[in-house]
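**Student:** This structure is in C-alpha cells; I'll ask about it shortly.
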Amino acid sequence: MTLEIPANYQRIVLAARPRGPVVEENFRLETVAVPALAEGEVLVRNHYLSLDPYMRGRMSAAKSYASSQALDHTMIGNTVGQVVASRHAGYAVGDYAAGLLGWAEMGVADGAALRKLDVAALPLSVYLGAAGMPGMAAWYGLNHIILPKAGETVVVSAASGAVGSVVGQLAKLRGCRVVGIAGGPEKCAHVVDVLGFDACIDYKAGQLEADLAAATPDGVDGIFENVGGATLEAALARTNAFARIALCGLIGGFNGQEMPIKNSRILLINRLSLRGFIVTEHMDLWPQGLQELAQLVADGKLKYHESVATGLAAAPRAFMGLLQGQNLGKQLVKLI
C-alpha cells in the first residue's frame, strides 16, 4: 500500500504559559515540514487528537510529577492515526496506531513507542477514550485502589467525563451502588439513563451535601476523585470506616487555586486510605486493562460518548471548554 505524503503539516505549539485560565493566545498554529525517517521510526497521519485535563498541568512551569510542556514545541497529546511511511519492521503503511504525537496533523515516533490498533474491532476514536488512557485510569484506580466489593457504595466526581463515566460502569459491573457527581441536569440524566449509575448529583443545583447524603443512605465505601474541593469534601463527609479514595485528578484547581481539604480530620476518624496515582506509571498493567476494556466496549457492556471538535485549529477552544466542563464524555479533535 502507498499513501500520499504531503510536504508540510500543521501543528499547535505552546506559545506562552497561562496566567490563570487558559486563553487562545497561549497557543500558536504553525506549518512545518514533514521530516525524513530514521531507522526504526514511523510517520503517522493523525485522525484524532485527545484533549485531557492533565495538559493544563503540563502547561505550567511549576514542579510536578512530569516535566513541563516546553515553549515553542508541539503541545503534548495522545493521538490515533494511520501509518503513511515506516522504517520499523513492526509497522506497515496502512496500519493504525496510537501514540503521543501531540497537537499535530502528523507525527514521527519510534515504532516501539506506538501501539498497533485493531480498527475492525472498535472505532478508531475509542482507543483514545474508554479503550485508551482515560479508560485505563478508571480501571486502575477502581481495581487497584478502591478495590470495590459487591454491595458497597462508590462515589465518582466528574461522572460524565471520559474517566468518570468508565469508573461508574466498571463499579456497577462489580455489583456496587454507584453515585455520580456532575454539573447540570443534562449531564446527570446521561449518567443515570445512559451509563446506568444509580444516582447523579448536580453540584450546580446548590445542594451538594444534602443531595449526596440522600443518595448514599448506607454511607460511602469508595471515592474516585477527579475534581477536588467541594466534591471531595462532600464525599468524605459520607464515608464509612476504612473507605478507600482514588485521587485521579484535581481539575478544580488547574488554574492555580489551592485545594485544601477542610474536613481532613475525617481521614483519621474513619481510618481512610487516600492514594493519588498517575496511570502512566503502571504500564505493566496496560495490556491486561486495555484488553478487558476493549472487550467490554465490543460486548456493549461499556458505553461511551464523544464530544468532537473539527480541525486542528479548533483544539485550543475545545480544550478551554473541557477545562470549563462544557464537554460530555470524551473530548476529541477530528483531524481527518
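**Student:** What is the calculated FRET efficiency for residue 173 to residue 214, with r their C-beta to C-beta distance and R₀ = 30 Å, to the nearest 0.05?
**Tutor:** After rounding, the FRET efficiency stands at 0.75.
**Student:** Among 133, 320, 283, whose mean-square fluctuation peaks in a Gaussian network model of the chain (Cα, cutoff 10 Å)?
**Tutor:** Comparing 133, 320, 283 in the GNM, the peak value goes to 283.
**Student:** Take every Cα pair under 8 Å in the chain that's 6+ residues apart, average their separations, divide by the length, and report that relative contact order as a whole percent.
**Tutor:** Value for the chain: 17 percent.
**Student:** Here is a follow-up. Net charge near residue 61, counting Lys/Arg +1 and Asp/Glu -1 over other residues with Cβ under 15 Å of its Cβ?
**Tutor:** Residues near residue 61 contribute +4 overall.
**Student:** Something else about it: If the only charges are +1 at each Lys and Arg Cβ and -1 at each Asp and Glu Cβ, what is the size of the charge dipole of the chain around the Cα centre, to the nearest 20 debye?
**Tutor:** My answer is approximately 500 debye.
**Student:** Right, here's the next one. Given an 8 Å cut-off on Cα distances and at least 6 residues of separation, report the relative contact order of the stretch 133-280 as a percent.
**Tutor:** Reported as a whole number, the value is 23 percent.
**Student:** Among residues other than residue 208 whose Cβ falls under 10 Å from its Cβ, what is the net charge (Lys/Arg +1, Asp/Glu -1)?
**Tutor:** Every neighbour counted, the sum reads -3.
**Student:** Here is a follow-up. Unpartnered cysteines of the chain (Cβ-Cβ under 4.7 Å counts as a partner)?
**Tutor:** Here 176, 248 come out as lacking a disulfide-compatible partner, given the Cβ-Cβ threshold of under 4.7 Å.
**Student:** Sticking with this structure for a sec: Under 17 Å from a point 7 Å along the Cα-to-Cβ line of residue 264: which residues of the stretch 214-234 have their amide N that close?
**Tutor:** 228-234
**Student:** Taking the number of other C-beta atoms within 10 Å as the exposure measure, put 31, 280, 153 in order starting with the fewest.
**Tutor:** 31, 280, 153
**Student:** Full extension from residue 242 to residue 299: what is 0.36 nm times the residue separation minus their Cα-Cα distance, to one decimal in nm?
**Tutor:** My answer for the length gained is 17.1 nm.
**Student:** Could you put 154, 13 in order, starting from the residue whose Cβ has the fewest other Cβ atoms within 10 Å?
**Tutor:** So the ranking, lowest neighbour count to highest, is 13, 154.
**Student:** If you average the sequence gap of Cα pairs under 8 Å that are 6 or more apart and divide by the length of the stretch 1-110, what percent do you get for the contact order?
**Tutor:** Taking the mean separation of contacting Cα pairs over the length of the stretch 1-110, I get 34 percent.
**Student:** Let me ask something else about it. With both bridge residues required to lie in the chain, what share of the DSSP beta bridges run antiparallel, to the nearest 5%?
**Tutor:** Of the beta bridges lying entirely in the chain, close to 55 percent run antiparallel.
**Student:** May I pose another question? How about the stretch 55-115: which trypsin sites (Lys or Arg not before Pro) there lie in a loop by DSSP and see at most 11 other Cβ atoms within 10 Å?
**Tutor:** In loop regions of the stretch 55-115 (DSSP not H, G, I, E or B), the sparsely surrounded trypsin sites (Lys or Arg not before Pro) are 63.
**Student:** Still on this structure, I have one more. Can you sort 319, 277, 27, 224 so the residue with the fewest Cβ neighbours within 10 Å comes first?
**Tutor:** By the 10 Å Cβ count, ascending, the order reads 277, 27, 319, 224.
**Student:** With each pseudo-label sitting 7 Å past Cα toward Cβ, what's the residue 73-residue 150 distance in nm, one decimal?
**Tutor:** Result for the modelled spin labels: 4.9 nm.
**Student:** List, in the order given, every pair from 149/204; 187/303; 204/330; 149/330 whose Cα-Cα distance in the structure shown is over 23 Å.
**Tutor:** In this structure, 149/204; 149/330 lie more than 23 Å apart at Cα.
Taken together, the values in this text are just the output of simple stated rules run on the coordinates, not laboratory data. Since this is a predicted model, take the numbers as computed values, not measurements. We place every Cβ from the backbone using ideal geometry, glycine too, and count neighbours over all the protein chains shown.
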